[in-house]
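The structure appears right after this line, and notes come after that.
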Amino acid sequence: MLIGAAFSVMNSSMANLNYYFGSQMLPLSVILVGAIVLGALLGVLASFAGSLRLRSENAALRREIRLASQEVKNLRAIPIKDR
């Protein structure tokens, strides 16, 4: 908290934040902290999307393993015919 307080005191000058719908004057520290928080949220969203894709792929591979295992079990149950 001390580092955050020192950061905001050192960056207390006002800066103009231009965004799609307009602009607003904010302290530089607020803009920087907002950018860091937004980046962290976007990173969490990206990793969550990747995690969902991997979970789906993992479930498909588990189904494939289960089917292959069942097929091997069925093949082992077939009696061997002598000629």
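The values are calculated or read from the model by the stated rules, or taken from the named source; none is laboratory data. Not measured: the values here are computed from a predicted model. We place every Cβ from the backbone using ideal geometry, glycine too, and count neighbours over all the protein chains shown. To get the accessible areas, we keep the full protein, side chains included, count just its heavy atoms, and leave off ligands, DNA and RNA. Shrake-Rupley method; radii C 1.70, N 1.55, O 1.52, S 1.80 Å.
Principal-axis analysis of the Cα atoms of the chain puts helix 28-77 at an angle of about 0° to the longest axis.
In the context of the full protein assembly, residue 57 retains an accessible surface of approximately 90 Å², using a probe radius of 1.4 Å and ignoring ligands and nucleic acids. Taking all protein chains as they are arranged and a probe of 1.4 Å, the heavy atoms of residue 31 leave approximately 40 Å² accessible to solvent. In the chain, helical runs assigned H by DSSP with n ≥ 4 each contribute -39500 (n - 2.57); averaged across all residues and rounded to the nearest 500, the mean residue ellipticity at 222 nm is -25500 deg cm²/dmol. Between residue 10 and residue 52, the FRET efficiency from the beta-carbon distance, with R0 = 30 Å, is close to 0.15. Per residue, the solvent-accessible area of the chain (1.4 Å probe, heavy atoms of protein chains only, all protein chains present) comes to 94 Å².
Using a 1.4 Å probe and ignoring any ligands, DNA or RNA, find the accessible area of residue 48 and quote it in Å² to the nearest 10. Probe radius 1.4 Å; accessible area of residue 48 about 120 Å². Based on Cα contacts under 8 Å between residues 6+ apart, the chain shows a relative contact order of 15 percent. Carbon-plus-sulfur accessible fraction, the chain (probe radius 1.4 Å, protein heavy atoms only): 67%. Taking amide H positions as placed 1.01 Å from N in the peptide plane, with prolines and chain starts having none, which residues 5 or more places from residue 17, or on another chain, fall under 5 Å of its amide H? Here the answer is 24, 25, 26, since their amide H atoms fall under 5 Å of that of residue 17. 3J(HN,Hα) along the range 15-21: 9, 8, 9, 9, 10, 4, 8 Hz, from the Karplus curve 6.51 cos²θ - 1.76 cosθ + 1.60 with θ = phi - 60°, whole Hz, x for Gly and Pro.
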